[in-house]
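The values are calculated or read from the model by the stated rules, or taken from the named source; none is laboratory data. Keep in mind it's a predicted model, so treat the numbers as computed, not measured. When we count neighbours, we look across all protein chains shown, and the Cβ atoms used for this are built from the backbone with ideal geometry, even at glycine. Side chains included, ligands, DNA and RNA excluded: accessible areas come from the protein's heavy atoms. Shrake-Rupley method; radii C 1.70, N 1.55, O 1.52, S 1.80 Å.
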Amino acid sequence: MSEFHYIGKTHPRPDGPDKATGRALYIHDLVRPGMLHGKIKFSEYAHARIKHIDTSRAEKLPGVRAVITGYNTPQIRIGFIKDNFALKKDKVRQFRDEVAAVAAVDAETAAEAVELIEVEYEELPCVFSVEEALRPDATLIHELDPKERPRKDNIVPVPWKFTAGDVDKARDASAVVVEDYYDTPLILQSCMGTAGCIAEFDLMNNLIIHTKTQIPFLAQNDFNAALADMGLQGRRTRVIVPAVGGSFGTGLDTHAYEYIAILLAYTTGKPVKIVFDRHEEFTALSPRQSTRAHIIQGCDSEGRLTFRQMRMVLDNGAYTSWGATTPSVMMLPVSSLYRVPNIHFETTIVYTNNTYCQAMRGYGNPQAAWAIESNLDQLAQKAGIDPYQFRMTNANVADETTPMGLKITTCGFKDCLESVARELDWGEKRGKGRNRGRGVGMASLFHVGGAARVYRSDGTGVIMKLDDFGHVSITSGAVEMGQGFTSVLTAATAEALGVSPDMVTVIIGDTAICPWDVGTHASRGAFTACNAAILAADKARQKVFELAAEHFIARVSAAMKKRARKEPGFEGPDLDSIGTLSVSDFDLRHNFVFLKDRPDDPLLRVPLEELLREAHYREQGTIIVTEAFYDPCHEMLDPKTCRGNISAAYVFGVQGAEVEVDEETGKVTVLKFAAAHDVGKVLNPQTLKGQLYGAIVQGLGYALCEEYKTDRGRSLNPNFLDYKILAAPDVDFPIHIECIETDDPKGPFGAKGVGEPGLVPTAPAIANAVFDAVGVRIKSLPITPEKVLAALRKRKSGGSNVG
Amino acid sequence: MKKRIQFTVNGHAVAVKAESHQMLLEVLRDTLHLTGTKYGCGEGECGACTVLVDGASVDSCLYPAFEIEGRKVTTIEGLMGARNQLHTLQKSFVENGGIQCGYCTPGMIMSAKALLDETPHPGADEIRRGISGNLCRCTGYVQIIESIAKAAEKEQGNE
Amino acid sequence: MKKYNYHRPQTLKEAFRLMEKYNGLARYIAGGTDIIVRIKKGVASPEALISLRGLEELRGIEVDGAGALTVGSMTLIRELEREPVFTKNLPALSQAAVALANPQVRNVATVGGNLANAAPSADCAPPLLALEAWLTLEGPGGKRDVPISEFFQGPGRTCCAPLEIITRITIPSLPDKTGMAFLKSVRVNQDIALTNAAALLVMEDGMCRKCRLAVGAVAPVPLRLKATESAIEGQKIDKELLGRVGAMVESEISPITDVRASEDYRRVVTGVIVGRAIKQALRKVYPDGQEVLG
């Protein structure tokens, strides 16, 4: 691997100055001429038949331009399996169901008008737990499936099942077996910038929608389908993504509010903006699913894992998002974290009258890791083996294929384990702090690191355009939502092309301009777009060198003549001796084209911009624009066997913590946190660490305090006063991060994806540390002081909550 | 009820018509088009709307418009110098990774400004407390704290 | 959001007159960090807010000859946090101020407002209860002084007559050998108290001459723990006594379960933090700690 000039070095993010000065435009800041403001009327029941909607009072309110319901607009089916409608007509199935909407001249009037809409409901029996929903006589949330066929139960028709080897046989043969249940709560992504969009139509009835999304091109598909439902077949959608105030999975689906804005814009002929307030963001967006995992793992007497069985039940809520595919990611650690020969995994996803869920950063992996890594410590404990040694014994290595068919190319797993053990002073501290409530714990992760084929194409396109001044525009269909995509693509473009980063501009966020991209998810943004940039840069370099073959000597000679005029006696190199030059003789670095075999001769080089102008401003001139479409070399899962190498590379990581538990109050204090991640190659240390710090703190919130609580389907804490995410004073301990570079052959410059992994093993690492500190095992997240105290008291009174 | 209120924004005297139930945040964003100040929660929990009123950091979402009469308001737009010269804090956030999605950034920087005005050389814990009213979901705060600490160092060097 | 009028009177008299005009449908607003949120959530819908921010007579901090401290009700929480008169003389009150919300809120929220809202969890209440502060209430008919222990009547309810305003808070001077502490139990640093507690001890020859304990968020009002206080007064505070504090506290409180914590947890933890507050207060009197606790 050659030495890099820009890769691996910190470059401030190009979007930084705009964001630091308040100039970046988020959806909240955008205003279109004549724009109206939309507001949605949500259901007042968790499950009820809509008997009548009276919009007359709202319509009469001055300033109101449209009031729409499912009855006066075309039905638009939405959702991953199309079990949802933009506006509900027959019945509501959750509190956040959209029953009507208003467009008015200002937000205040729209809000007032919504209050004037009267809906008459007939209450229906509700189902709020997975157990109730699975009873044979349970009330059906959906009587009909999306194809209007009668349904018999509340099971979402998206089953996942994976089997390898023979779990039952392996269980019988195991020396130690541990079985348990692990629960995770609903989690709000909690983007600081709330969701919103502005929909408008041009005079040809084509839709232009500014919207906060991670999937501009899949959204475009969805909206085109909606246009067809509206009788606008063949009309097209242009999705424009403004600055995104955090996304964390919220932008992986299109949402009812977007379709409602579209309907309102079409009805009124004006741009219509819908932006959620914080209460709506909490109550009308989809949180990360709550899950219950039943897990059994076993090992032999040497501590080698023999089998793993997991049954995961997910509360889907009332409708189905892409979140129903999170088991495909849960399956990754279940099948492939550590070497486990016998695996059984299956999921049941269940409709309830709770708020419907979607994926959040980690895409199911945090829920799976919580069960696997907590249970693994229990297993190690029962086997009498140090959990660190236990993990080392079973750790994956490079060049192995897992039972799921995942081809692990590079693997820094053991390095990560060693790093965290070292940082935590594992040997000295583990098992030795119980008299003062202190303990250490660790947990591992496995995730896709080379994109993920969850859609027919996992590709991404880029267009590279060089202008007369040597500036480079690289256009990509990906989304910058804070992760540092533009900074990394800038460095990758500069590196691959041979220009300095300040010459590069990244253009993103408009489906009419940018080439197709499946979406910014699965930690794939940098991996795919940088690979595409390398391909496009190769093409551009080829063209630059073609120009050089034609013009290089002439330009050098002109420059020398000019110099000779200024400096009498100046003598340059003998150009005639160089002979004919071909494309392969050139290189391009730091904005100069030079001869490969004479890289250090300051006279034998031509500024890139000069070559470009020379080629442009002449008869039959030319400019350089190249494109590339990179689709990673991986496979779609076989739907029957759930086997297939779905990513081009995989990442490992280990996190650990030293904690102190206040045995009188149950409060867990983190004293130190250590993380080691196999990142392939560090592209930009600053943005990479930013991703990891941020993910770790999100993971600590998941571990310690975040829980979106509901009572009979209604939210109990829909605000930051009651739903607590961590603030700066809560992060008052050192976080040590080590990046293990394994230089993946498929990765751009060796890099693998890193957007999600940072929060995957955090919660079980804390739970394991709490166990080491005080000997109680918490099996449901979050690990609140209340749960810890209850467990401690139970143990004192002779209870069995001791792992 | 409506009233004409006069106050100073970023050094400029302004007069606006405001409604009695409006908050400073709406006056800044909707009336004066100073959209650098963000709406985050409307309840004083997240700090995205932080501005300085007579030098003190406040949540503009809870600051009644009628109370701004005669006061001096500084927003994120007011920190920049002439010719796009970024304030030391803004520069430090850009250079030290204090920014990701950027939505909390203006409020965060305004809180940092209030902190440094009062405590020019804060320790890490003082910085944490100084920004305790500003939530960030992206960064985990680590590089924000570094950005503020380094800005303080730089200011010290400039003294 | 409901619309309302907003008035900025310059004198108390004008404030009373405005309040009277709205016939019970207006509310006073101090810093507004509570009332505005309540209006936005639709749980309060006054026709008008009458701002006390323009009332100079509600500001100012004075110490009288006997050492009693009188604080204007519009004193900012930020001032309690920072002004040496509080940080030096009443550090526990300053700690309560620091624990209240965040800098932006503390820059506008006032001590009077924190008390007048009568939230059971008000952070200023336990220290002021322990300090046996007096509140001066003023209405069109004149002034009256009430002990803070009689001020709170229930969640959001006080002994204020409809037009009355807290104008001043008076904190009696503290004798020598007084120690005080404030503790707060929270889910994360910036949170409403799950429970909060203040302890004030006056010691004499190793014995507790006076004990004042107050807790918040565990009853309909911020509460003095009178039974526990009398069990401690006149005693040497030793491990045995401290060991009994938790149970005594638990029997004096009546917490509820809400989204932040359960009744049971609040009960147990209140006992714990009251015990810790007593220990901390004791350590203020005896920094080396040897005279007590053995």
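Given the DSSP H assignment, sum -39500 (n - 2.57) over each helix run of at least 4 residues in chain A and divide by its residue total; what's the result at 222 nm in deg cm²/dmol, nearest 500?
One gets -9000 deg cm²/dmol as the mean residue ellipticity at 222 nm.
To the nearest 20 debye, what charge dipole does chain A have about its Cα centre, counting +1 at the Cβ of each Lys and Arg and -1 at the Cβ of each Asp and Glu?
800 debye
Students sometimes get this wrong: rank A:E706, B:E146 by accessible area, probe 1.4 Å, all chains present, largest first.
From most exposed to least exposed: B:E146, A:E706.
I'd like to verify something in chain A: which complete DSSP H helices, judged by Cα projection on the helix axis, reach 30 Å or more and average at least -1.0 on the Kyte-Doolittle scale?
A:525-566
Note down the net charge around B:Q6, summing +1 for each Lys or Arg and -1 for each Asp or Glu among other residues with Cβ under 12 Å from its Cβ.
Net charge around B:Q6: +4.
Please report the buried accessible area for the interface of B with A, total over both chains, probe 1.4 Å, in Å² to the nearest 100.
Summing both chains' loss of accessible area gives about 3800 Å².
In sequence order, what are the phi-derived ³J(HN,Hα) couplings for region C:40-56 according to the Karplus relation 6.51 cos²θ - 1.76 cosθ + 1.60 with θ = phi - 60°, rounded to whole Hz, with x for glycine and proline?
4, 7, x, 8, 10, 9, x, 7, 8, 10, 10, 7, 9, 5, x, 8, 4
Can you give me the long-range amide H partners of A:R151? Hydrogens built in the peptide plane at 1.01 Å from N, cutoff under 5 Å, separation of 5 or more residues or another chain.
A:L144, A:D145
How big is the dipole moment of chain C about its Cα centre under a simple scheme where the beta carbon of each Lys and Arg is +1, that of each Asp and Glu is -1, and everything else is neutral? Debye, nearest 20, please.
Around 880 debye, computed over chain C.
Keeping all protein chains in place and using 1.4 angstrom, which order do A:H294, A:H677, A:H5, B:H121 fall into by accessible surface area, from largest down?
Accessible-area ranking of A:H294, A:H677, A:H5, B:H121, largest first: B:H121, A:H5, A:H294, A:H677.
Indicate, rounded to the nearest 5 percent, the antiparallel portion of the DSSP beta bridges found entirely in chain A.
75 percent
If packing is taken as the mean number of other Cβ atoms within 10 Å per residue, what is the order of C:29-42, A:692-705, A:543-556, highest first?
Top to bottom by mean Cβ count within 10 Å: A:692-705, C:29-42, A:543-556.
Determine, at each q value in 0.17, 0.23, 0.28 (inverse angstroms), the log₁₀ of I(q)/I(0) that the Debye formula gives when each Cα of region A:630-686 is one equal point scatterer.
-0.78, -0.98, -1.10
Under a 5 Å amide H to amide H cut-off, with H placed in plane at 1.01 Å, what residues pair with A:K91 once short-range neighbours are removed?
Close amide H contacts, sequence-distant or interchain: A:I50.
Distance check, please: which entries in C:K21/C:K41; A:K273/C:K40; B:K38/C:K41; A:K689/B:K72; A:K60/A:K270; B:K3/B:K72 exceed 27 angstrom between their Cα atoms?
Beyond 27 Å: A:K689/B:K72.
What is the spread of the Cα atoms of region C:56-171 along each of their three principal axes, largest first, in whole Å?
Result, largest extent first: 36, 34, 27 Å.
Check cross-link reach from C:K226 to the aspartates and glutamates: straight Cα distance under 18 Å, and skip same-chain residues fewer than eight apart.
C:E132, C:E150, C:E250, C:E252
Given B:T119, B:A149, B:I131, which one lies farthest toward the positive end of the charge dipole of region B:88-158, if we put +1 on the Cβ of every Lys and Arg and -1 on the Cβ of every Asp and Glu?
It is B:I131, whose Cα lies furthest towards the positive end.
In chain B, what % of DSSP beta bridges are antiparallel (nearest 5)?
Roughly 90 percent of the DSSP beta bridges within chain B come out antiparallel.
Would you work out if region A:62-133 is rounded, prolate or oblate? Take a ≥ b ≥ c from the square roots of the eigenvalues of the alpha-carbon gyration tensor; rounded if a/c is under 1.5, else prolate when a/b is larger than b/c, oblate otherwise.
prolate
By its C-alpha gyration tensor, with a ≥ b ≥ c as the square roots of the eigenvalues, how is region B:39-138 shaped: rounded for a/c under 1.5, else prolate for a/b larger than b/c, else oblate?
Judged from the Cα gyration tensor, region B:39-138 comes out rounded (a/c under 1.5).
Would you kindly work out the equivalent ellipsoid of region B:88-158 from its C-alpha gyration tensor and give its semi-axes, the square roots of five times the eigenvalues, largest first in whole Å?
Working from the Cα gyration tensor, I get semi-axes of 17, 13, 10 Å.
Once phi is turned into θ = phi - 60°, what whole-Hz ³J(HN,Hα) does the Karplus curve with 6.51, -1.76 and 1.60 give for every residue of region C:272-285, x standing for Gly and Pro?
3J(HN,Hα) across region C:272-285, in whole Hz: 5, 6, 5, x, 5, 5, 4, 4, 5, 4, 4, 5, 5, 7.
For region A:400-540, count all C-alpha to C-alpha pairs, find those more than 25 Å apart, and express that count as a whole percent of the total.
Considering region A:400-540, 47 percent of its Cα-Cα pairs are separated by more than 25 Å.
Per-residue accessible area for C:R267 at 1.4 Å probe radius, Å² rounded to 10?
The accessible area of C:R267 comes to roughly 60 Å².
Which whole-angstrom value gives the distance between the alpha carbon centres of region C:146-202 and region B:27-58?
First find each Cα centre; the distance between them is then 31 Å.
Would you please report the Å³ per residue occupied by the convex hull of the alpha carbon atoms in region A:209-357?
155 Å³
Can you work out the Karplus-derived ³J(HN,Hα) for every residue in region B:12-28? Use 6.51 cos²θ - 1.76 cosθ + 1.60 with θ = phi - 60°, whole Hz, and x for glycine or proline.
Whole-Hz 3J(HN,Hα) from phi for region B:12-28: 9, 6, 9, 10, 9, 8, 10, 8, 5, 9, 7, 10, 3, 4, 5, 4, 5.
Using alpha carbon centroids, what distance separates region A:716-777 and region A:116-159, in Å?
36 Å
With +1 on the Cβ of every Lys and Arg and -1 on the Cβ of every Asp and Glu, and nothing else charged, how large is the dipole of region A:48-151 about its Cα centre, in debye rounded to the nearest 20?
For region A:48-151, the charge dipole is close to 480 debye.
Could you tell me which of rounded, prolate or oblate describes region C:242-282, using a ≥ b ≥ c as the square roots of the eigenvalues of the alpha-carbon gyration tensor, with rounded for a/c under 1.5 and, failing that, prolate when a/b is larger than b/c and oblate otherwise?
prolate
Hey, how many Å between the Cα centroid of region A:273-287 and the Cα centroid of region A:32-109?
Region A:273-287 and region A:32-109 have Cα centres separated by 14 Å.
Amide H to amide H under 5 Å from A:A66: which residues, 5+ apart in sequence or cross-chain, H placed 1.01 Å off N in plane?
A:A103
Could you order A:D377, A:D386 by accessible surface area, starting with the largest, using a probe radius of 1.4 Å?
A:D386, A:D377
Just the number please: accessible area per residue for the protein assembly as shown, 1.4 Å probe, all protein chains included, in Å².
Roughly 36 Å² per residue, with all protein chains present.
For all pairs of alpha-carbon atoms in region A:372-449, what percent lies in each bin of width 5 Å, listed from the first bin to the last filled one?
3, 13, 22, 23, 19, 10, 5, 3, 1, 0
Rounded to a whole number, what % of the accessible area of region B:88-158 do carbon and sulfur atoms account for, probe 1.4 Å?
44 percent
Please report, largest first and rounded to whole Å, the three semi-axes of the ellipsoid equivalent to region B:2-78, where each semi-axis is the square root of five times an eigenvalue of the C-alpha gyration tensor.
17, 14, 11
Dividing the convex hull volume of the alpha carbon atoms of chain A by its residue count, what do you get in Å³ per residue?
Considering the Cα atoms of chain A, their hull volume per residue is 189 Å³.
Can you give the Rg and Dmax of region C:178-285 based on its C-alpha atoms, in angstrom?
When restricted to the Cα atoms of region C:178-285, Rg and Dmax are 13.3, 45 Å.
Can you find, among A:A421, A:P242, A:S129, the residue farthest towards the positive end of the dipole of the protein assembly as shown? Put +1 on the C-beta of Lys and Arg, -1 on that of Asp and Glu.
A:S129
Under a cut-off of 25 Å between alpha-carbon atoms, report the lysines in cross-link reach of A:K429, not counting same-chain residues fewer than 8 places apart.
A:K382, A:K414, A:K667, A:K672, A:K779, A:K787, A:K796
B:D54: accessible area at probe 1.4 Å, nearest 10 Å²?
Approximately 90 Å² of B:D54 is accessible to the 1.4 Å probe.
Calculate for chain B the 222 nm mean residue ellipticity that helices alone would give, adding -39,500 (n - 2.57) per DSSP H run of length 4 or more and normalising by residue count, nearest 500 deg cm²/dmol.
Taken over chain B, the calculation gives -9000 deg cm²/dmol.
If you add up the charges near A:K161, with Lys and Arg at +1 and Asp and Glu at -1, over every other residue whose beta carbon is less than 11 angstrom from its beta carbon, what do you get?
Neighbourhood net charge equals +1.
So, R0 is 25 Å and r is the distance between the beta-carbons of A:R77 and A:W516; what FRET efficiency does that work out to, to 0.05?
That pair, A:R77 with A:W516, gives E of 0.55.
Normalised by the empirical 2.2 N^0.38 Å for globular proteins, what value does the Cα Rg of chain C take?
1.01
Once the dipole of chain A is set up with Lys and Arg at +1 and Asp and Glu at -1 on Cβ about the Cα centre, which of A:I76, A:V760, A:A657 lies farthest towards its positive end?
Selected residue: A:I76.
For region A:670-711, compute the orientation-averaged projected area of the C-alpha convex hull (one quarter of its surface), in nm².
Seen from a random direction, the Cα hull of region A:670-711 projects 4.2 nm² on average.
From the P(r) of region A:459-630, can you give the percent of Cα pairs sitting at distances over 20 Å?
The proportion of pairs with Cα distances above 20 Å equals 54 percent.
How about region A:604-707: which trypsin sites (Lys or Arg not before Pro) there lie in a loop by DSSP and see at most 13 other Cβ atoms within 10 Å?
Counting only loop positions with at most 13 other Cβ atoms within 10 Å, the trypsin sites (Lys or Arg not before Pro) in region A:604-707 are A:R618, A:K640.
Under a Cβ-Cβ cut-off of 10 Å, what is the net charge of the residues other than C:K184 that fall near it, where Lys and Arg count +1 and Asp and Glu count -1?
Taking every other residue near C:K184 into account, the sum is -2.
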